[in-house]
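Working notes, beginning with the structure itself.
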Amino acid sequence: MKVQTFAIRSLLAGDRHAARVVPPSGFTAQLTLFAAGSMAFLAVFALALSLASGRLAQNWGEELARSATIRIIAPLDQRGAQTEAALRILQTTSGVESARALSDDEQQALLAPWFGNDLALDSLPVPRLIEVIETAQGMDVSGLRLRLSAEVPGAVLDDHERWRTPLVRAAARLRLLGWVSIALITVTVAAMITLAAQAALSANAQVIAVLRLVGATDDYIAQAFVRRFTLRALGGAGVGMVLGMIAVLLLPSASEAGSFLTGLSFRGWHWALPLCIPLLAGVVAFLATGAAARRTLRELA
């Protein structure tokens, strides 16, 4: 605990003499800044994807779980009577909040993407659709099917289960993919910073040897590298995070196009979550550089 406290104090306070050990610019500095910045930029989108997928899964689950559809498949001369009979059954069914038959215009609008706007419903055996909205408690689907089969032979009840389950599962997998992407980004940042720290240590082998001759300990030398690379990672990740949030902010809103991809954004307090990305990059750089410095210094001994 004392060693960790001392390392954190050294990170915050710094040491201008020890900082001279680490080159302030060059390949390793550019690699660290670019890796942290680009990975933070990608992490913002991965986080937005994960959160948007979670909202999508919740919305699909709630909306489809509370809705059902009844198709009245009957001859034209019986379709109206069977529709009225199904609506009477729904009025007395526990768990049904509302039920209504879709009008010809509404059904034509549903079929327009496939058959065009000039579809004549009277000339085709298109079933009459009844929209059913359930209460929060839900309805007895099996019991309603039995009543419909007995009293309305042309009625087919669809509770959207076969549609809801794959959609919710797909959205949940997209959310998992977002978190996996963030984990992979974190590992990539750690690997890139480790390589950069090892390269910087190896390039300064002669300086390190001189420091050892004048009494500098390996912990003193390692802390100089840890501080410099941690601050570089924080700065690069901060810039990448800001650019990523601006890019997400400029995406079209879901209300403009109504699709999932245009709803890839943050909502409410979720806008504060990307602020954790630079801190995560700093922690990763702190741990990765410390491990790389101790290992490389042992090899240079």
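The values are calculated or read from the model by the stated rules, or taken from the named source; none is laboratory data. Predicted model only: the values in this text are computed from it and were never measured. Cβ: placed from backbone, ideal geometry, glycine included. Neighbour counts: every protein chain shown.
Does region 193-201 contain any residue that is crowded, with 21+ Cβ neighbours inside 10 Å, in a helix (DSSP H, G or I) and at pLDDT below 80?
Yes: region 193-201 contains one or more residues that are crowded, with 21+ Cβ neighbours inside 10 Å, in a helix (DSSP H, G or I) and at pLDDT below 80.
Quick test for you: out of L231, L213, pick the one residue that is surrounded by fewer than 19 Cβ atoms within 10 Å (Cβ to Cβ), assigned by TED's automatic domain parsing to the domain that holds G290 and under 15 Å from L287 (Cβ atoms).
L231
Scanning for something under 21 Å from L47 (Cα atoms), charged (D, E, K, R), surrounded by fewer than 18 Cβ atoms within 10 Å (Cβ to Cβ) and at pLDDT below 85, does region 277-297 turn up at least one residue?
Scanning region 277-297 turns up no residue that is under 21 Å from L47 (Cα atoms), charged (D, E, K, R), surrounded by fewer than 18 Cβ atoms within 10 Å (Cβ to Cβ) and at pLDDT below 85.
Give me the residue from region 175-191 that is surrounded by 17 or more Cβ atoms within 10 Å (Cβ to Cβ) and of a type in the set (A, V, I, L, M, F, W, C) and, out of that set, farthest from S53 (Cα to Cα).
A190
Looking at region 67-90, which of its residues are in contact (Cβ under 8 Å) with a residue 60 or more places away in the chain and of a type in the set (A, V, I, L, M, F, W, C)?
The answer is A68, I70, I72, I73, A74, A85, A86, I89.
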